Amino acid sequence: MLCIYSDDHLLHDGLLRISGSGVERMAEKPERASNVLAALRARWPNELRLPQSHDDAAILAIHDSDYVEFLSHAWTDWVAAGQKQLNARADTFVGPGMRGHLTRSIVGRLGHYAFDIEAPFVAGSWQAIRRSADIALSAGDLLLQGEPHAFALCRPPGHHASANQSGGYCYLNNSAIAAQSFRSAGKERVAILDVDYHHGNGTQSIFYDRADILTISLHADPRDEYPYFAGYADETGSGAGNGFNRNFPLPLETRWPAYEAALGEALDLVGEFQPDVLVVPLGVDTYENDQTTHFGIAQEDYVAMGKLVASQQIPVLVVLEGGYAIEEIGTNVVNFLVGISGEQP
């Protein structure tokens, strides 16, 4: 299993959230990717690669240019404005009856380009964000060169990011960028199968009116879980994309037998679509001991999950999304990749 990673993710550190007892570190922290990397080194020590740099064209095929420009200097604008907080984040968002025009204030622009407060900036954020997109694109390049599968160890994650807004720890939508890069390289059909605990609302919004990229998401029912306002079963696409977006909202406490059944239905849709390549945004926050979520997927279940996905017998790009059980995240990711690769656990 060829894996792409970069230590640049370490620069996106010191992310803080307000808790009932004060300020604490966010669940999206460098240890997540570092522990996955350690597990990859233990399993495939000779198959780790650094990313190649890609120009902005692949990113601008997905994200609005003004949004990307904002991301690239959000922190420096924050500092230049004399802000003293350790994280740059919005405190005001565009609501009904309010104008969505850009303001001169960096705080206002942070609110314009975000839908929640869960994607703050620190000094090294942009370098990590940009390198994360390079990682996804470099792993995608391996498939274009004939590899049957590859893993992109992306941090920060991406599936909540839309064309022009950040949120949910996400800034650039790594999976969407990779999926579009396959189309730009001549692949006629691409499928995205998101198995993160949370709905990939950003990915859905980006491809909602397109028939060339099938988007499917298995996730906790948004009536109970973030992102709350997207991910319902009746969201099936619009215009040319009608029928090419499918959601499988699942109840809290879902365990492997029910998840396996839903995944089987999702894979039937993938098979009917007959894509040239499959992109899998992988969140292992479905894990039974993840303290931030409420599913019951066991460690050994990730091997079975990977095997089911691999049964489609098409090239698979796996892109890291969520997973906040820090000690176990590496094992869970490797187990899924072992299932994809067909190796023995």
**Fill in**
Given the conditions (1) without any contact (Cβ under 8 Å) to a residue 60 or more places away in the chain; (2) closer than 16 Å to residue 222 by Cβ, every one holds for residue 167 apart from (1)
**Request:** Give the residue, chosen from 270, 309, 277, that is out of contact with any Ser or Thr (no Cβ under 7 Å at 6 or more places or on another chain), farther than 23 Å from residue 209 by Cβ and not acidic (Asp, Glu).
**Result:** 309
**Asked** If we keep just the residues of the range 293-339 that are of a type in the set (S, T, N, Q) and assigned to a loop (DSSP other than H, G, I, E, B), which is farthest from residue 220 (Cα to Cα)?
**Response** 313
**Item:** Given (1) touching a strand residue (DSSP E or B) at 6+ places or on another chain (Cβ under 9 Å); (2) touching a residue at least 40 places away in the same chain (Cβ under 8 Å); (3) of a type in the set (A, V, I, L, M, F, W, C), index of the condition residue 303 fails
**Value:** (1)
**Message:** Considering only residues that are within 30 Å of residue 343 (Cα to Cα), of a type in the set (Gly, Ala, Ser) and either touching a Phe, Trp or Tyr at 6+ places or on another chain (Cβ under 8 Å) or exposed (fewer than 13 other Cβ atoms within 10 Å of the Cβ) (or both), which ones fall in the range 39-89?
**Reply:** 42
**Message:** When you check residue 93 against the structure, is it assigned to a loop (DSSP other than H, G, I, E, B), in contact (Cβ under 8 Å) with a residue 12 or more places away in the chain and not polar (S, T, N, Q), yes or no?
**Reply:** yes
**Prompt:** From the list 259, 232, which one is in contact with a strand residue (DSSP E or B) (Cβ under 8 Å, 6 or more places away or on another chain), without any contact (Cβ under 8 Å) to a residue 40 or more places away in the chain, of a type in the set (Phe, Trp, Tyr) and surrounded by fewer than 24 Cβ atoms within 10 Å (Cβ to Cβ)?
**Reply:** 232
**Request:** Just need a number here: residues in the range 231-290 that are among the polar types (S, T, N, Q) and within 22 Å of residue 321 (Cα to Cα).
**Result:** 5
**Item:** Condition check for residue 141: in contact (Cβ under 8 Å) with a residue 12 or more places away in the chain and out of contact with any helix residue (DSSP H, G or I) (no Cβ under 9 Å at 6 or more places or on another chain)
**Value:** no
**Request:** Just give me the residues in the range 209-229 being surrounded by fewer than 19 Cβ atoms within 10 Å (Cβ to Cβ) and among the hydroxyl-bearing types (Ser, Thr, Tyr), in sequence order.
**Result:** 228
**Request:** Within the range 1-23, identify whether any single residue is surrounded by fewer than 16 Cβ atoms within 10 Å (Cβ to Cβ), hydrophobic (A, V, I, L, M, F, W, C) and assigned to a loop (DSSP other than H, G, I, E, B), and answer yes or no.
**Result:** no
**Complete:** Result of the Cβ filter at 6 Å on the range 97-116, keeping first residues that are more than 19 Å from residue 77 (Cα to Cα) and partners that are assigned to a loop (DSSP other than H, G, I, E, B), at least 6 apart or interchain, is 100/94; 115/165
**Complete:** Taking the range 42-90 and keeping only residues that are farther than 24 Å from residue 207 by Cα, without any contact (Cβ under 8 Å) to a residue 40 or more places away in the chain and in a loop (DSSP other than H, G, I, E, B), one is left with 45, 46, 81, 82, 83, 84, 85, 89, 90
**Request:** Mind telling me which of the residues 177, 192 ends up being in a strand (DSSP E or B) and in contact with a Leu (Cβ under 8 Å, 6 or more places away or on another chain)?
**Result:** 192
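Just so you know, all these numbers are worked out from the coordinates, no wet-lab data involved. Bear in mind that the values here come from a model prediction, so they are computed numbers and not experimental data. Note that we place each Cβ from the backbone using ideal geometry, even for glycine, and neighbour counts take in every protein chain shown.
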